[in-house]
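Heads up, the thing below is written out as structure tokens.
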Amino acid sequence: MNFQDSILQGIQDAFTSCFQTTVSLDQLSLAPTKKEFEGSYTFVVFPFLKQSQLSPEATATQLGTYLKEHVSAVKDFNVVKGFLNLVVAQEEWINLFKQVYTSKNVGQHPSNGQKVMVEYSSPNTNKPLHLGHLRNNFLGYSVAELLKAAGYEVIKANLVNDRGIHICKSMVAYQHFGNGETPTTSGLKGDHLAGKYYVLFDTHYKEQQKSLKESGQTEEEAKKNAPLLLEAQEMLRKWEDQDPDVIALWNQMNGWVYAGFDATYKRMGVDFDVTYYESNTYLLGKDIVEEGLAKGVFFKKENGSIWVDLTDEGLDEKLVLRGDGTSVYITQDMGTADLKYQDYQITKSVYVVGNEQDYHFDVLFKIMRKLGRSYGPGLHHLSYGMVDLPTGKMKSREGTVVDADELMEEMVATAAHHTKELGKIEGFTEAQAEELYEILGLGALKYFLLKVDPKKRMLFNPQESIEFQGNTGPFIQYSHARIAAILRKADQIEVNLSAEAFANLSGLAESEANLIQYLNDFERKIKQAAEDYSPAILAQYLFDLAKEYNRFYAELPIFHEKDSQLQSFRVALSLQTAKTIKRGMSLIGIQVPERM
RNA sequence: GCAGACGUAGUUCAACUGGAUAGAAUAUCGGAUUUCGGCUCCGAGGGUUGAGGGUUCGAAUCCUUCCGUCUGUACCA
């Protein structure tokens, strides 16, 4: 048993023994003691004064006295107001470290038998990925990894929006202005090529509107009657009628886009276990509408349209099927939710989608719960905030979008520039150097986007954001590389790394005890990050761990330490830190180099 | 209009879910290396947590009223 638990158990016993009352274990919790005070863990007694019938100080003192006598881990205590600070015995830290050090798979929780699907990315096939998608993809990938580490079986899913009027727009524009251009002849990545025609559509569409207005039409009429738009609408009809020419063009352009996306995903380091296409799922959900009508969850209006009444849940009435029997967005999403369950029998389903769709998912989930789906309680919208630029919101029309491919390229180039300046890559082959730049550039980018609480909107300043010092990915990567150097040397001079090598160790420096406390915390942090769907919690933890290691490194000698037990111990501590950093970083999708 | 989210050092973010004197990073200033990797370490200054009121032993956190920013509120996706 983890000794944090044994302390809590001790507190529970203390309540029975000192105050003749029982408190349940989940009411009790320990907080790390603030630096200004002596001790490692703090128990706050204020909430329990009713049970003790004593002043805060007296309560804390009685509990402390009991713990000191009955719990071996507690060596001493002090009381400040209602705060009981517990001092942990040094031998306990050493024992704890041995436990962590000898356990396999750092941080991995045992399987909990639950299956969860994480849907993320969900791109449109009419334009390339941008900065907002990067946050989405990194978040989705990381949350999936965190859930795995927390004991879930995870299915990563991508739902591609490959159908609809917006796709037809780029197709129409390509027919008009494409001249048979392909990714090969143009030298453009497929997704960028498609995006180019989407933009071209928009510019020409606007021109047409303008000339229609000049010929006397109102703004609304002009919007509706522009020939290009009519063409796109006509094309969508043909697409739905399976017109071979339209389908052929659609297949061709889609193929280009997917090739482009694959390259981008590969560079981002994300992957999927299953990909759903809206072109296959857009007709789903109509049977659920029937089911909902039969169950009385939905109702039909006079014009034949079908609605759900969510006013009892604080929302409005929402349309689920149009009067003409065609689907709306949510019809399809209901169908897809069922499809996911049919395919994988999941107990939980996470949707990584921006917070502008909060309302939509609120509605969707409430509907599925009203319909009594078994996975209903497990539905979760991982809603994340937008990424802002110093110039304001990203708008594709105004050309203020930060393209994902360009940004990654820029980050890698900056990493290369920095590294060359430092001149630390002697002995690297060209290929090794390239790989390192990739790891550093993407590490910086991923860490930057993931260290912020997903719920919050965040600011991306292209100049200032590309930092390599401070609370950044490369800082943590550097710490790892440095430890790797120590481990190489330890290997050379054959330091004994078995736990027996420091079996009789006594006495620890403060930074050593702190490090052990951090290392022991890893498992808990993973669980917390997974439960909160927040890679930021783990990112913050890894930064703190790296900082604590650097402090230890600056203060204490390793190879210059003459005591061989201490030397073995410090190398082992370094090894465990490296393992933890490596594993932790992999959970937020970041690789760490052996040297840099 | 209505609904929801957010507002914390100059800047970017934390604050263990109601706990101690609100912490890091960055920028600024000052210091550390005969030593295992200086992309390192130590220190200083920097705050009326948007404003007011309330709840209690205790509030950045909960309630309330303002102010400000953003999002949503389509028989669009």
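Of the residues A:Gly195, A:Tyr41, A:Val274, the one whose Cα sits farthest towards the positive end of the charge dipole of chain A is A:Tyr41 (charges of +1 on Lys and Arg Cβ, -1 on Asp and Glu Cβ, taken about the Cα centre). A straight line joining the Cα centroids of the stretch A:180-223 and the stretch A:83-162 runs 42 Å. Please determine, in degrees from 0 to 90 and to the nearest 10, the orientation of helix A:286-295 with respect to the longest principal axis defined by the Cα atoms of chain A, where the helix direction is its Cα long axis. The angle comes out near 70 degrees. Whole Å is fine, so just give me how far the alpha carbon centre of the stretch A:444-522 lies from that of the stretch A:553-596. With the stretch A:444-522 and the stretch A:553-596 each reduced to a Cα centre, they are spaced 8 Å.
Sort the stretch A:235-307 into rounded, prolate or oblate with this rule: let a ≥ b ≥ c be the square roots of the eigenvalues of the Cα gyration tensor; rounded if a/c is under 1.5, and if a/c is not under 1.5, prolate when a/b is larger than b/c, oblate otherwise. Note, shape of the stretch A:235-307 comes out oblate.
Note on the stretch A:164-274: Kirkwood hydrodynamic radius from all Cα pairs is 15.3 Å, rounded to one decimal.
Relative contact order of the stretch A:3-88: 31 percent, from C-alpha pairs under 8 Å at least 6 residues apart in sequence. For the listed peptides A:359-371, A:498-510, a ranking on the average number of other beta carbons within 10 Å per residue, highest first, reads A:359-371, A:498-510. Beyond 40 Å, the tail of the calculated P(r) for chain A holds 42 percent of the Cα pairs. In summary, the lysines within cross-link reach of A:Lys300, defined as a Cα separation below 22 angstrom excluding same-chain residues under 8 places away, comprise A:Lys286, A:Lys318, A:Lys366, A:Lys370. Label the stretch A:11-75 by shape, choosing from rounded, prolate and oblate, from the square roots a ≥ b ≥ c of the eigenvalues of the Cα gyration tensor; if a/c is under 1.5 it is rounded, and otherwise prolate applies when a/b is larger than b/c, oblate when it is not. Here the stretch A:11-75 falls in the prolate category. Potential lengthening of the chain between A:Glu36 and A:Asn461 amounts to 149.4 nm, from the contour at 0.36 nm per residue minus the alpha-carbon distance.
In chain A, taking the dipole from charged Cβ atoms about the Cα centre, the farthest positive-side position among A:Ala416, A:Ile165, A:Ser305 is held by A:Ala416. Put a dot 7 Å past the Cα of A:Ala554, heading toward its Cβ, do the same for A:Arg237, and the two dots end up 7.2 nm apart.
Provide the percentage of antiparallel DSSP beta bridges, counting only those with both residues in the stretch A:61-171; round to the nearest 5. Could you put the intermediate results ahead of the total?
Details: 6 of 12 bridges.
Of all bridge pairs located within the stretch A:61-171, approximately 50 percent are antiparallel.
If R0 equals 35 Å, the separation of the Cβ atoms of A:Val328 and A:Gln217 corresponds to a calculated FRET efficiency of about 0.75. For the pair A:Gln357 and A:Glu409, a Förster radius of 35 Å applied to the C-beta separation gives a FRET efficiency near 0.75, rounded to the nearest 0.05.
Counting each DSSP H run of 4 or more residues in chain A as -39500 (n - 2.57), what helix-only mean residue ellipticity at 222 nm follows after dividing by all residues, to the nearest 500 deg cm²/dmol?
Numbers: 22 runs with 330 residues, N = 596.
It comes out at -18000 deg cm²/dmol, rounded to the nearest 500.
Placing pseudo-labels 7 Å out from each Cα toward the beta carbon at A:Asp76 and A:Gln252 gives an inter-label distance of 8.1 nm.
Is the shape of the stretch A:446-587 rounded, prolate or oblate, going by the alpha carbon gyration tensor and its root eigenvalues a ≥ b ≥ c, with a/c under 1.5 for rounded and a/b larger than b/c for prolate? Please list the in-between numbers first.
On the way: a/c = 2.64, a/b = 1.90, b/c = 1.39.
Because a/c hits 1.5 or more and a/b exceeds b/c, the stretch A:446-587 counts as prolate.
Restricting the calculation to alpha carbons of the stretch A:433-525 gives Rg and Dmax of 18.1, 53 angstrom. Extending 7 Å from Cα along the Cβ direction at A:Leu230 and again at A:Arg369 yields two label points whose distance is 4.8 nm. Counting only Cα atoms, the stretch A:198-332 measures 52, 48, 34 Å along its principal axes, largest extent leading.
The gain in end-to-end length when the A:Lys50 to A:Glu91 segment is fully stretched comes to 11.2 nm, 0.36 nm per residue minus the alpha carbon separation. Once the C-beta distance of A:Gln565 and A:Lys489 is scaled by a Förster radius of 22 Å, the resulting FRET efficiency is 0.75 to the nearest 0.05.
Read-outs throughout are calculated quantities, based only on the coordinates presented, and are distinct from any laboratory measurement. Quick caveat: nothing in here was measured; it's all calculated off a predicted structure. Here Cβ is always computed from backbone atoms with ideal geometry, including for glycine, and neighbour counts include all displayed protein chains.
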